[in-house]
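Structure first, then comments.
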Amino acid sequence: MDEILSFNRLIGRMLIPVIFWGGVVLMVGLGVQWLFQGSIGEGLVMIFLVPLIWRVGCEVVLVLFKVYDQIKALRATLIQLTQPPAAPPEVEEYEEVQLRR
């Protein structure tokens, strides 16, 4: 919970499907209302075309979240690769290992 409150974990990715389907329900409902009011052209556009445009917009937002995840993973990999290597074993330890063989 602390990660969410401090914005270290993004919750937008989980909310996008809910926002998408809520928007689709509203758009289709409005389209049906327009159909009954006699605006057949606008009603059909609202039912079929606007949800597709809404879907593309939601996918663009999801792509931004995926880009963020990839940048975060790349940063972690770069940090791991730039860590100095572990110190070599002491000379005495190395000789001891050689003698055991």
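May I ask you to compute the full-extension gain from Leu15 to Leu52, defined as 0.36 nm times their residue separation minus their alpha-carbon distance, rounded to one decimal in nm? Could you put the intermediate results ahead of the total?
On the way: separation 37, 0.36 × 37 = 13.32 nm, distance 1.83 nm.
Result: 11.5 nm gained on full extension.
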Q. Looking at the stretch 19-92, which GluC sites (Glu not before Pro) are DSSP coil and have at most 12 other C-beta atoms within 10 Å of their C-beta?
A. Glu90
Q. Summing Lys, Arg as +1 and Asp, Glu as -1, what charge do residues with Cβ under 13 Å from the Cβ of Pro17 carry, Pro17 excluded?
A. +1
Q | Kyte-Doolittle mean at least 0.0 and Cα axial length at least 27 Å: DSSP H helices in the chain | A | 12-37, 50-81
Q: Take the Cα of Leu26, step 7 Å along the line toward its Cβ, and report every residue of the stretch 46-70 whose backbone nitrogen sits under 20 Å from that point.
A: 46-62
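Each value in this text was obtained by applying a stated rule to the coordinates, not by laboratory testing. Please read these numbers as outputs of a predicted model, since none were measured by experiment. Using ideal geometry, Cβ is built from the backbone for each residue, glycine included, and neighbour counts are taken over all protein chains shown.
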